[in-house]
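Readers should treat all values here as calculations from the given coordinates under stated rules, not as data from a laboratory. Remember, predicted model here, so these are calculated numbers, not experimental data. A quick note on method: Cβ atoms are made from the backbone with ideal geometry, for glycine too, and the neighbour counts reach across all protein chains shown.
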Amino acid sequence: MSEFPHLRGFSRSELIELFAGLGEPRYRADQVFRGLHGRRLMSFEEMTDLPKALREKLSQATTTRTLKVESKYTSIDGTRRFLMKTPDGHPVETVFIPTENRDTICFSSQSGCPLKCDFCLTAKLGLLRNLTAGEIIEQIVIVLNDVYGIGNDTPHGTNLVAMGEGEPFLNFENLIKALEIMSDENGLHIVPGRVTVSTAGIVPKIFEFSELENRPNLAISLSAANDELRDKLMPINKRWPIDKLFEAAKAFEKTLKRGERFTFEYVLLGGVNDSDAQASELASLLRKYGLRKVKINLIPHNPAEQLDYRPSSPEQVKRFKEILESQDVSAYIRTPRGRDIFAACGQLAAVQQTSVC
Ligand code: SAH
């Protein structure tokens with residue numbers, strides 16, 4: 001980590017306090033906040049609305065940027081993967097996914113991941129460390145600036161998904177702090193309604209998340225409808241089995257407003273969890289717990305050499321969806337994006353490529 005405090009991870013009140021300590025008035029803290037987040041400036045030198053002496057003082061004791069962009073890859077479908085490094089040498093990966101209506105940035109909450117989901121490449125890294133709030137925000141600012149130009153408006157607004165490296169709910173405090181800072185209207189102004197946090201099922205944190213006043217959307221990675229199979233695919237299930245997970249999901253469902261829904265993600269693994277009977281099992285599980293305000297995102301497995309799974313056939317993906325729908329469960333197929341550049345779900349493992357730009 002950088003030896004200096006990372007100002008991009010300071011809330012407005014923390015900045016004001018820091019500036020008070022430096023004998024600076026509150027409006028200077030507001031200027032810096034706007035510079036870091038609203039204008040997406042990368043250094044104090046660019047904050048020309050601050051006196052030079054103050055800029056120098058700040059750069060001698062604090063920092064605005066710590067991540068180094070190591071490589072950028074662009075997929076044939078327009079998806080871009082940014083591979084960055086922390087000062088202590090850990091990878092941070094961020095993916096930009098352009099869509100017709102709105103662009104999405106998929107960001108990392110941890111470097112690596114401690115959960116050992118059997119079908120996921122990030123799991124092979126193990127946990128390297130939690131990202132700080134400053135690092136979580138900085139990766140997003142770097143991507144926004146690269147794609148749109150420093151400080152320029154995002155043409156269609158941006159959605160954020162915490163679906164990159166790591167388990168967001170194992171870095172809960174830093175994640176929530178970063179999201180709060182990013183929602184500020186003087187900053188990035190990415191409001192909670194445009195953010196989705198995906199968890200493998202850290203049950204106590206799902207309860208805590210449900211109670212937040214301004215909470216983002218939630219996605220829960222399920223991928224199996226019974227404990228026996230889920231234990232194998234996602235060992236976190238041994239700690240918090242489906243029954244506990246669904247109690248937490250019920251608590252979250254209660255916080256939804258009319259018309260809102262949350263998501264269960266289900267990675268489709270050929271011959272493992274994608275049979276007709278397993279689709280029905282999933283539908284009956286939802287019925288058993290009376291979960292109605294849900295949709296299922298079916299994610300065709302993104303293969304990798306180190307992973308022992310194969311994707312379901314497109315016909316079976318379609319059948320799985322139809323079986324769910326025939327039992328009144330809404331289901332969507334997530335089109336894989338950026339597979340060719342190791343940017344798709346479960347493919348983030350700091351892969352260095354030479355064959356693509
Ligand atoms: N740890 C969080 C955030 C990761 S999000 C979570 O598990 O939810 C990444 C999503 O991609 C999860 O739903 C995960 O189940 C899914 N995934 C992991 N590996 C995958 C792979 N190889 N192919 C497709 N989806 C995968």
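Values computed for the structure shown
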read-out	value
Relative contact order of the chain, pairs being alpha-carbon contacts under 8 Å that are 6 or more residues apart, as %	16
Low-density loop positions, trypsin sites (Lys or Arg not before Pro), region 75-114 - DSSP coil, at most 16 other Cβ in 10 Å	ARG102
Förster radius 22 Å - calculated FRET efficiency between THR335 and LYS295 (Cβ-Cβ, nearest 0.05)	0.90
Net +/- balance of residues flanking PHE252 in space, Cβ distance below 15 Å, scoring K and R +1, D and E -1	+3
Computed over region 7-61: relative contact order in percent, which uses C-alpha pairs under 8 Å that are six or more apart	24
Net charge contributed by nearby residues that have their C-beta within less than 15 Å of ASN101 (K/R +1, D/E -1)	+1
Around SER71: net Lys/Arg minus Asp/Glu count, Cβ-Cβ under 14 Å	+2
From phi via Karplus (6.51, -1.76, 1.60), per-residue ³J(HN,Hα) for region 36-49 in Hz, x at Gly/Pro	6, 10, x, 8, 6, 7, 9, 9, 5, 4, 6, 8, 6, 7
Highest to lowest packing among 229-235, 337-343, scored as the average C-beta count within 10 Å	337-343, 229-235
